[in-house]
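Read through the structure below, which is laid out as structure tokens, and then see the notes.
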Number of protein chains: 2
Amino acid sequence: MSEYTITYIKNEKPKEKPKSDQLSFGKYFTDHMFIQDYNADKGWHNPRIVPYQPLVLDPAAIVFHYGQTVFEGLKAYRTKRDKIQLFRPDKNMERLNRSNDRLCIPRIDEEYAIDAIKHLVHIDQDWVPDAPGTSLYIRPFIISTEPYLGVAPSATYQFIVILSPVGAYYEEGINPVKIAVENQFVRAVKGGTGEAKTAGNYASSLKAQEQVADEGYAQVLWLDGVEKKYIEEVGSMNVFFKINGEVVTPALNGSILEGVTRNSVIQLLEYWEIPVVERKISMEELYEHYQNGELEEAFGSGTAAVISPVGELAWEGKKMEINNGKTGEIAKRLYDTLTGIQYGSEKDPFNWTVKVKY
Amino acid sequence: MSEYTITYIKNEKPKEKPKSDQLSFGKYFTDHMFIQDYNADKGWHNPRIVPYQPLVLDPAAIVFHYGQTVFEGLKAYRTKRDKIQLFRPDKNMERLNRSNDRLCIPRIDEEYAIDAIKHLVHIDQDWVPDAPGTSLYIRPFIISTEPYLGVAPSATYQFIVILSPVGAYYEEGINPVKIAVENQFVRAVKGGTGEAKTAGNYASSLKAQEQVADEGYAQVLWLDGVEKKYIEEVGSMNVFFKINGEVVTPALNGSILEGVTRNSVIQLLEYWEIPVVERKISMEELYEHYQNGELEEAFGSGTAAVISPVGELAWEGKKMEINNGKTGEIAKRLYDTLTGIQYGSEKDPFNWTVKVKY
């Protein structure tokens, strides 16, 4: 048997599926998972799809102590014609390997990983919900499993994929959120791990998020870690501003995550011939545009929400209401088009979707 | 039974203990471990000492994805009179709680945790090695266990303590190492998690360490993440320089870990009436002192090595040989005194040691 043949052990005790209106995000998991092991001798080996089950790890496993781990997030969508499709999984696997490089984790075979994901989703296809806005969230991740307390890359790893049916992000249609600019905490800095999708970036963000939630804000807007001047991300999304008819997003600088939705937004805007530019942008500049009435829209982009309009931005005691707190025209058009492509109701000029079930 | 009574399940199949010369660091683990659970209803509860065993965790547990975890490191030493003692465990538990605050993890009861550690070490006392320079490394850590893919603090945790007999750090006596100043990667930045003992800081350091190891250096010297000018730490140790008779160490600034050994070094120097100052110090300044013949010693401080002299520092193509590549007088005196106190051969004027076995 080839090292590449996926062993399949069927779950003989499938769980009851939650109803669409119970789903929310990341709380339910399907009947199966994908696992593959790594060691220096065999490389990535023993790929298998098995019943969803606990991981059994030595308490000294490196992941618990030194956080050598990376992950990805993408979704499978059920179309109106009952097909199931993924959105740009190649971009996620490319990024997973970039994250692997930064974290000293051995690279995976990207095409093989996409096949494994398709295989797994196909097996658990009944878990892909069909209510509007719902989807199956796919979480590939790699953990370091060697039991060793020295600070060094692990000798062994597991690549795992789990699936979680998730509810509509917006229950009553796309809706703007209130955001606070974070002045105390920093998510990432150039030379750190900000452009990798790794655990530590998210651990670092919890405290900031907790503080602003107490003040009624949904997320924080992260500034750069060096000067605390330039805008980087919003919550765990990339961020865009429409200023005087031009869409501006922070240029990738080593501490900003290269979002798949970010990339898709830029491509769509170019396709529509709407001016879009990647550059440094400071809060001072943004505020000046706001005062001059030139800040027309602000929105985040990410896999979970797709597009998340910002209705209010709080910064150093000032409150900036954007587009009267309403969803802007560009944000709406991007949201409708992206979700339309994802759910197969709009044509897909870039061939972004990948069929799992025909 | 009180929530505070530790349940004890004896390991009926004890392992064979490794020989002193096989030990190295963090590769062997003892027969028992301590575990305690947390949830919102019960707080920290169900403390137990059980046979060393794998952790069984849902693959969606937050620790695997968002790195919400903290840890500590301290040691138990066997004295010549066959007593067993800890070194300043109160400082470690204080820091664990500071790390908990930063990572949104519920605080532990510090005194209770010290008692639990003493209890565990007492049970596994035969694992405390007696060869010169050997000790029992103690690794308390907390992991987030809730199966949830939203980026939010976990609802459940486990506080775990494992023990690992470790060899002498210096097989042939204290010995200087070669260090490279890191110009590309950053360990931590103000507003990040640098002053917390949490996984992400260590994950971030692996790549830099891997690169310099290829060039024959033992560790990197970390500069600040903002200006990449000021000295922060060396490897996973704090750092000290003797300049013109005065000992200088970088002042705590939010991105430097507050080391227990660092604190002990400062107290000892003050006790000896050797000038010691905590302040910002740049590589430019250090290099100027080096050129003027004023840089007399450099050394790291940490639990693993206690004191680690720096014999050579490579910075922007320049190689600075310090004290002719030999261990300096202050480094030697600190090493001898600290290890003397730890192993009970020197008197302990600060009451730093805590007896486990009388």
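Quick notes on this structure:
- Relative contact order (%) - region A:7-166, alpha-carbon pairs under 8 angstrom, separation at least six: 34 percent
- Whole-number percent relative contact order across chain B, with pairs defined as alpha carbons under 8 Å at least 6 apart: 18 percent
- Dipole magnitude of region A:142-210, debye to nearest 20 (Cβ charges: Lys/Arg +1, Asp/Glu -1, about Cα centre): 220 debye
- Relative contact order of region B:177-342: 23 percent, from C-alpha pairs under 8 Å at least 6 residues apart in sequence.
- Point-charge dipole on Cβ atoms (K/R +1, D/E -1) for region A:177-342, about Cα centre, debye to 20: 340 debye
- Counting only other chain Cβ atoms within 10 Å of each residue's Cβ, the peptide B:71-79 averages 1.
- Inter-copy label distances at B:LYS13 (7 Å, Cα→Cβ; nm, one decimal): 2.4
- Farthest toward positive dipole pole in chain A [+1 Lys/Arg, -1 Asp/Glu at C-beta], among A:VAL50, A:THR327, A:LEU96: A:VAL50
- Placed amide H near A:VAL248: partners under 5 Å, 5+ positions off or other chain: A:PHE241, A:LYS242, A:ILE243, A:VAL277
- Per residue of B:50-58, other chain Cβ atoms within 10 Å of the residue Cβ number 4 on average.
- Summary of the geometry: region A:308-353 and region B:211-269, compared by the centres of their Cα atoms, lie 46 Å apart.
- Measuring from each Cβ of chain B to the axis that turns chain B onto chain A, the shortest distance belongs to B:GLY200, 1 (residue, then whole Å).
- Burial ranking of peptide ranges A:17-24, B:296-303, A:97-104 (average Cβ count within 10 Å, highest at the top): B:296-303, A:97-104, A:17-24
- Loop-located trypsin sites (Lys or Arg not before Pro) in region B:240-325 whose Cβ has at most 15 other Cβ within 10 Å (DSSP): B:ARG279, B:LYS280
- Working note: 222 nm ellipticity from helices only, DSSP H runs with n ≥ 4, each -39,500 (n - 2.57), summed and divided by the residues of chain B, gives -7500 deg cm²/dmol to the nearest 500.
- Set of aspartates and glutamates with alpha-carbon distance to A:LYS318 below 15 Å, sequence-local pairs under 8 removed: A:GLU182, A:GLU215, A:GLU284, A:GLU285, A:GLU288
- Cross-link pairs B:LYS83/B:LYS197; B:LYS19/B:LYS357; B:LYS118/B:LYS355 - those with Cα-Cα distance over 20 Å: B:LYS83/B:LYS197; B:LYS19/B:LYS357
- Translational D in µm²/s for region A:168-260 (Stokes-Einstein at 37 °C, 0.692 mPa s, Kirkwood Rh from C-alpha pairs): 234 µm²/s
- Residue-wise HN-Hα couplings along region A:238-253, as the Karplus relation 6.51 cos²θ - 1.76 cosθ + 1.60 with θ = phi - 60° gives them from phi, are 7, 9, 10, 10, 9, 10, 6, x, 10, 8, 10, 9, x, 5, 5, 9 Hz; Gly and Pro carry x.
- Hits among lysines - C-alpha to C-alpha of B:LYS326 under 18 Å, sequence gap 8 or more where chains match: B:LYS178, B:LYS242
- Placing +1 on each Lys and Arg Cβ and -1 on each Asp and Glu Cβ, with no other charges, gives the protein assembly as shown a dipole about its Cα centre of roughly 1540 debye.
- Relative packing of B:188-199, B:46-57, which averages over residues the other C-beta atoms within 10 Å, highest first: B:188-199, B:46-57
- Since only B:SER308, A:VAL306, B:HIS119 are under comparison, the one whose Cα sits farthest along the positive direction of the charge dipole of the protein assembly as shown, derived from C-beta charges on Lys, Arg, Asp and Glu, is B:HIS119.
- Rounded to whole numbers, the Karplus 3J(HN,Hα) couplings from phi for region A:77-87 are 10, 9, 7, 4, 8, 6, 8, 10, 9, 9, 10 Hz, using 6.51 cos²θ - 1.76 cosθ + 1.60 with θ = phi - 60°, and x at Gly and Pro.
- Buried on assembly, region B:205-245 (at least 30 Å² less accessible surface than by itself, 1.4 Å probe): B:LEU206, B:LYS207, B:GLU210, B:VAL226
- Between B:GLN184 and B:GLU246, the simple label model (points 7 Å from Cα in the Cβ direction) yields a spacing of 3.6 nm.
- In units of the compact-protein estimate 2.2 N^0.38 Å, the protein assembly as shown shows a Cα radius of gyration of 1.00.
- Under 10 Å, Cβ to Cβ, from B:GLY192 - net charge with Lys/Arg +1 and Asp/Glu -1: +3
- Inter-copy spacing of B:ASN175 label points, which lie 7 Å from Cα along Cα→Cβ, given in nm from shortest upward: 6.5
- Percent of Cα-Cα distances greater than 39 Å, calculated over chain B: 16 percent
- Where labels lie 7 Å past Cα in the beta-carbon direction, separation of B:LYS319 and A:VAL56 in nm: 5.2 nm
- Among the residues of B:139-152, the average count of other protein chain beta-carbon atoms within 10 Å of the residue beta-carbon is 5.
- Candidates B:GLY340, B:ILE108, B:VAL239 compared by Cα position along the dipole of the protein assembly as shown: farthest toward the positive end lies B:ILE108, with charges placed on Cβ.
- Placing one equal scatterer on every Cα of region B:7-166 and applying the Debye formula, the log10 ratio I(q)/I(0) at q = 0.13, 0.17, 0.18 Å⁻¹ is -0.63, -1.02, -1.12.
- Measuring against 19 Å, Cα to Cα, the residue pairs B:LYS27/B:LYS75; A:LYS280/B:LYS280; A:LYS229/A:LYS280; A:LYS207/A:LYS228 contain A:LYS280/B:LYS280 as the ones spanning a longer distance.
- Label point 7 Å beyond Cα along the C-beta direction, distances from A:ASP130 to other copies (nm, shortest first): 7.4
- Under-5 Å amide H pairs with B:ALA314, H placed in peptide plane, nonlocal only: B:ILE179, B:ALA180, B:VAL181, B:MET320
- The label point for A:ASP109 and the one for A:ILE9, both projected 7 Å from the Cα toward the Cβ, are 2.3 nm apart.
- Relative to its Kirkwood radius, the Cα radius of gyration of region A:177-342 gives an Rg/Rh of 0.93.
- Under Karplus coefficients 6.51, -1.76 and 1.60, residue-wise ³J(HN,Hα) of region B:130-140 in Hz, glycine/proline x: 10, 5, x, x, 8, 6, 10, 7, 10, 10, x
The values are calculated or read from the model by the stated rules, or taken from the named source; none is laboratory data. Keep in mind the model is a prediction, meaning the values are calculated, not measured. Don't worry about glycine lacking a Cβ; one is built from the backbone with ideal geometry, like all the others, and counts go over all protein chains shown. Heads up: the accessible areas ignore ligands, DNA and RNA and are worked out on the full protein's heavy atoms, side chains in. Shrake-Rupley method; radii C 1.70, N 1.55, O 1.52, S 1.80 Å.
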